[in-house]
Amino acid sequence: MNKIVRKENQVSKSNDPGKQPSSQLGTEEYALVAAQEAFIVRSQILIYDLLSDRGMTHADLATRLGVSEARVSQMFGDAAKNLTMRTIAKIMHVLGETAVLTTRSAEGAALANARTAEIAAAEMPVEFWQEMKVVPLRQGARKAGTRGLRLPDDLSTIRFDADNDDYADFEMAA
Amino acid sequence: MPLKEDVKPKAILLSRDALPDGYSLREPTGGRYEIAAGDGLWKEFKDDVNAEARTRIETTMEEYRSRGPRFPPSLFEFEGHHEGQGLKVRMEAFKGWGVRLYGFCATVAGLSTFIVTGSDFKKKTVKAKARALRAAGAEAVRIRKLLG
């Protein structure tokens, strides 16, 4: 019974869209293949960059992961064998990083927020910044170390990142 | 990736002016690096190569345009030097699922450009692969000579 189930789940080479010439695939079918390959390639490049930055080889990574060098090489191959979510998390951990999965739209939103704050900061009159230099800590701030101030007119709130003096974000009054 | 409207015309102009006949910049971004290839080879790559090989190489190329030639050897690899007509050209290849796009890097009208000069679209014997690389190397020398 198990053997039959496995056979049904197998994708034969002739039916696998990835093995078909691009010109024989529909737009969505091709996009689906592209999404998978692009994600794998970018994951491999990220791991490669982390190793390069640390002056590490495949052998070093293999030692830290407790696997053979051949298994590490497979992770960089076309099929990216063994490059599972669990393995990616392990690799990041042994390299002193934390794996985070994100999306282009989430990245775009974060960039847009940062840009909005940057523009708002650039448009503030000089007197405003002079004023802000003496902002006291707000009692009852939601996040430890966060300073805030209620402002009149079109700005309602300004928040400063306690860990980064260059960062502030703004909320406009409704 | 959508092209930046302000840089696309400039890149196309550069390719028309500076690249040899039949070669064009492919999906130029106006970034630090560009990729050029012959019309016939590029069409064959787009149409005939299997989808996973094509997308794997295209993703590597997209990264190449912003970061340059720093990749794991499974994606982009040095393939030795090709000598001819008193020139020595450093050959490299974009790789994916047995497909190779051979070429070399040159400065074309101020743009650091990887010029694809040959290909190996099917898994072949070692000898056939060597022949494909030699042909790509000879074309690379010809292009290098034309570029001056």
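Annotations for the structure displayed:
- Counted residues, region A:36-71 - those being in contact (Cβ under 8 Å) with a residue 40 or more places away in the chain and assigned to a helix (DSSP H, G or I): 5
- Yes/no for B:GLU34 being at pLDDT 90 or above and either within 14 Å of chain A (Cβ to nearest Cβ) or surrounded by fewer than 18 Cβ atoms within 10 Å (Cβ to Cβ) (or both): no
- Index of the failed condition, B:ALA51 passing every other in (1) within 14 Å of chain A (Cβ to nearest Cβ); (2) free of Cβ contacts under 8 Å to residues at least 12 places away in the same chain; (3) surrounded by fewer than 20 Cβ atoms within 10 Å (Cβ to Cβ): (3)
- Test: residue in region A:59-68 that is among the small types (Gly, Ala, Ser) and crowded, with 16+ Cβ neighbours inside 10 Å: yes
- Flag if B:PHE45 is under 15 Å from the mean Cα position of the chain (by Cα) and either within 8 Å of another protein chain (Cβ to nearest Cβ) or free of Cβ contacts under 8 Å to residues at least 60 places away in the same chain (or both): no
Yes/no matrix, rows are residues, columns are (1) at pLDDT 95 or above; (2) crowded, with 16+ Cβ neighbours inside 10 Å:
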| site | (1), (2) |
| --- | --- |
| B:MET91 | yes, yes |
| B:GLY96 | no, yes |
| B:PHE114 | yes, yes |
| B:LYS122 | no, no |
| B:VAL126 | no, no |
| B:GLY137 | yes, yes |
| B:ILE143 | no, yes |
| B:LEU147 | no, no |
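- Every condition in (1) within 14 Å of another protein chain (Cβ to nearest Cβ); (2) touching a residue at least 12 places away in the same chain (Cβ under 8 Å) is met by B:GLY137 except one, and the failing one is (1).
- Any chance A:ARG159 is modelled with pLDDT of 55 or more, surrounded by 13 or more Cβ atoms within 10 Å (Cβ to Cβ) and of a type in the set (Lys, Arg): yes
Rundown of residues vs (1) among the hydrophobic types (A, V, I, L, M, F, W, C); (2) in contact with a helix residue (DSSP H, G or I) (Cβ under 7 Å, 6 or more places away or on another chain); (3) more than 30 Å from A:GLY55 (Cα to Cα), yes/no style:
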{"residue": "B:PHE45", "(1), (2), (3)": "yes, yes, yes"}
{"residue": "B:ILE57", "(1), (2), (3)": "yes, no, no"}
{"residue": "B:SER66", "(1), (2), (3)": "no, no, no"}
{"residue": "B:GLY80", "(1), (2), (3)": "no, no, no"}
{"residue": "B:GLY84", "(1), (2), (3)": "no, yes, yes"}
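Yes or no, residue by residue, for (1) outside any strand (DSSP E or B); (2) within 14 Å of another protein chain (Cβ to nearest Cβ); (3) over 12 Å from the mean Cα position of the chain (by Cα); (4) under 25 Å from B:GLY30 (Cα atoms):
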| site | (1), (2), (3), (4) |
| --- | --- |
| B:GLU83 | no, no, yes, no |
| B:ARG90 | no, no, yes, yes |
| B:PHE94 | no, yes, no, yes |
| B:PHE104 | no, no, no, yes |
| B:ILE115 | no, no, no, yes |
| B:VAL141 | yes, no, yes, no |
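- Residue match in region A:75-94 (condition: crowded, with 17+ Cβ neighbours inside 10 Å, over 17 Å from the mean Cα position of the chain (by Cα) and assigned to a helix (DSSP H, G or I)): yes
- Failed item in (1) modelled with pLDDT of 95 or more; (2) on the phi > 0 side of the Ramachandran plot, with A:ALA80 passing the rest: (1)
- Every pair of residues 6+ apart whose Cβ atoms lie under 8 Å, when the first sits in region A:14-35 and is within 7 Å of chain B (Cβ to nearest Cβ) while the second is among the basic types (Lys, Arg) and part of a helix (DSSP H, G or I): A:SER22/B:LYS46; A:SER22/B:ARG54; A:SER23/B:LYS46
- Residue match in region B:56-77 (condition: in a strand (DSSP E or B) and either within 12 Å of chain A (Cβ to nearest Cβ) or touching a residue at least 60 places away in the same chain (Cβ under 8 Å) (or both)): yes
The values are calculated or read from the model by the stated rules, or taken from the named source; none is laboratory data. Nothing here was measured: the structure is a model prediction, and the numbers come from that model. Cβ atoms come from the backbone with ideal geometry, glycine included; neighbour counts cover every protein chain shown.
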